[in-house]
Amino acid sequence: MNMHDSEVMAGILENIGYVAAENKEQADVLLINTCCVRETAENKIFGLMGKLRKLKYEKPSLIIGIGGCMTQQEKVAEKIKTRFPFIDLIYGTENYHRLAELLKTAQGSQKTVLELSHQINPVIEGLPIKRASGFRAWVVVTYGCNNYCTYCIVPYVRRSERSRQPAHIILEVKDLVAHGYREITLLGQNVNSYGKDLEQPLDFAGLLAEVNKISGLDRIRFITSHPRDFNKRLIETISSCEKICEHIHLPVQAGSNHILKKMNRGYTREHFINLVESIRQSIPGVSITTDIMIGFPGESDKDFQDTLDLIEKIRFDSAFTFIYSQRRGTPAATMEGQLPDYVKSERIKVLIDIQNKISKEINLQEVGKKRWLLVEGTSKTNKKLLSGRTRSNKTVIFPGPHFLNGKIVEVEITEGKLTHLAGKWLDNYY
Ligand code: SF4
């Protein structure tokens, strides 16, 4: 969501005549889009301030703005304003649409301009977007979140859930297809609860079915799903719509019912295991990835073992693993039983080792299979190789001509590694 917000901010700047600078030293405007989900992300921004101060000192006309989830927290915004007065503009998550006006005000002001909206804006349509890719696009379906997981700051900085009108979503996707886009990813903090606030309700399954009808579109993805709201109708829709890719990111967070309850996740491990079973039965070849958090307050050895047991049982294709980070203002931050760092570090190492072994084994099973990839560009580590993604969201690196960028190509998988696959192009593409 943050990356997409950056695309919107870049779109607004482009709309008022700015072009992307080669580097920050050449820029006239520098906007920092922040995240506050984990403490390390916040610390990085404070660490960046020294460098920003130097830039401003060397080029006083430079306008520096800081926005996003971190600055939506009033205390943090005030702290930045007081401690770093050379920052020209501070704005929150509900103020992006006013960026052009805010920049103008900041350019004419000697003081820091601070704008945080405390009200929840309705969905604002029609903002310009400068997309990072010419063939894959994010399309927002919901803003905000109503779940209030006890560790999470998102509902406080992104506010309550608001769904976009289906007609606007369909129009955006049709426009993208008309401009050559082949894959879209529907985006929301919890896409599965899409539509609950619409006057004429349409659920996420219904929306997916509508998007699937758009001719010229090749692939549909969506993120993120909440296990509590992932229902049978959605599974059937994914299974019956040919454009929806066989990949589901389903954050489990913990394998212990005791911890899941403390997290306010709204499901049990048994529910999660049954859900994955139903998904796998109905959607052949589906890959399932997850997020797992280690070291939640009160996590005992037994709770941790339950999480390990769950990942062995489910065998996720891959997992984003996190150490619990205490976020001020969330219920979990003041819970008893905060664990020492060394316990969290030891546990996450064990977890990563087990998950890595499983991921590698699953990737090795791909060897010899033929897969269709959407080519996304060159490999990050070797510019001579191309990188593409299977429908099941596995990255495949392979040698091939650069005109294949943006094409859907057939490859044979030749190697299975921990984080990606290697392949051989079979001369087919469209
Ligand atoms: S579902 Fe939970 S973890 Fe996800 S954004 Fe909402 S509150 Fe945060």
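The values are calculated or read from the model by the stated rules, or taken from the named source; none is laboratory data. Everything numeric in this text was worked out from a predicted model, so none of it was measured. Quick reminder, even Gly has a Cβ in these numbers, built from the backbone with ideal geometry, and neighbours come from all protein chains shown.
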Selected residue (only one of Gln200, Gln253 is at positive phi and either in contact (Cβ under 8 Å) with a residue 60 or more places away in the chain or exposed (fewer than 15 other Cβ atoms within 10 Å of the Cβ) (or both))
Gln253
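One line per residue, one yes/no per condition, for (1) in a helix (DSSP H, G or I); (2) in contact with a Cys (Cβ under 8 Å, 6 or more places away or on another chain); (3) basic (Lys, Arg):
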residue	(1), (2), (3)
Pro251	no, no, no
Ile279	yes, no, no
Ile288	no, no, no
Phe296	no, no, no
Leu310	yes, no, no
Phe316	no, no, no
Arg328	no, no, yes
Identify the residue in region 1-19 that is in contact with a helix residue (DSSP H, G or I) (Cβ under 7 Å, 6 or more places away or on another chain) and of a type in the set (A, V, I, L, M) and, among all such residues, is farthest from Tyr324 (Cα to Cα).
Ile16
Region 223-262, subset touching a Phe, Trp or Tyr at 6+ places or on another chain (Cβ under 8 Å) and among the basic types (Lys, Arg), residue farthest from the ligand (Cβ to nearest atom)
Lys262
Of residues in region 146-169 being over 17 Å from the mean Cα position of the chain (by Cα), assigned to a helix (DSSP H, G or I) and closer than 27 Å to Gly68 by Cα, the one nearest to the ligand (Cβ to nearest atom)
Tyr156
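Kindly provide the set of residues from region 203-214 that are under 25 Å from Ala178 (Cβ atoms) and surrounded by 19 or more Cβ atoms within 10 Å (Cβ to Cβ), ordered by number.
Kept after step one, since they are under 25 Å from Ala178 (Cβ atoms), are these residues of region 203-214: 204, 206-214.
Scanning region 203-214 gives Phe204, Leu207, Leu208, Val211.
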For region 336-350, which positions are loosely packed, with under 14 Cβ neighbours inside 10 Å and part of a loop (DSSP other than H, G, I, E, B)?
Glu336, Gly337, Pro340
Residue list for region 320-335, restricted to those being under 18 Å from Asp291 (Cβ atoms), at pLDDT below 95 and surrounded by fewer than 16 Cβ atoms within 10 Å (Cβ to Cβ):
Gln326
Since Gln189 meets every condition but one in (1) without any contact (Cβ under 8 Å) to a residue 12 or more places away in the chain; (2) in contact with a Cys (Cβ under 8 Å, 6 or more places away or on another chain), which condition does it not meet?
(1)
Taking first residues from region 366-385 that are over 14 Å from Val411 (Cα atoms) and second residues anywhere that are assigned to a loop (DSSP other than H, G, I, E, B) and not charged (D, E, K, R), the pairs with Cβ under 7 Å that are 6 or more apart or on different chains are Gly377/Asn405
If you take the residues in region 98-145 that are within 16 Å of the ligand (Cβ to nearest atom) and outside any strand (DSSP E or B), which one is nearest to Leu186 (Cα to Cα)?
Val141
Residue that is of a type in the set (Asp, Glu) and under 26 Å from the mean Cα position of the chain (by Cα), where the choices are Glu42, Glu25, Glu58:
Glu42
Tell me yes or no: at least one residue of region 181-203 is within 23 Å of Ser215 (Cα to Cα), in contact with a Gly (Cβ under 7 Å, 6 or more places away or on another chain) and of a type in the set (Asp, Glu).
yes
Keeping to region 270-284, report how many residues are closer than 14 Å to Arg315 by Cα, away from the ligand (no atom under 16 Å from the Cβ) and in contact with a helix residue (DSSP H, G or I) (Cβ under 8 Å, 6 or more places away or on another chain).
3
Would you confirm whether or not region 191-200 contains a residue that is in contact with a strand residue (DSSP E or B) (Cβ under 9 Å, 6 or more places away or on another chain), assigned to a helix (DSSP H, G or I) and small (Gly, Ala, Ser)?
yes
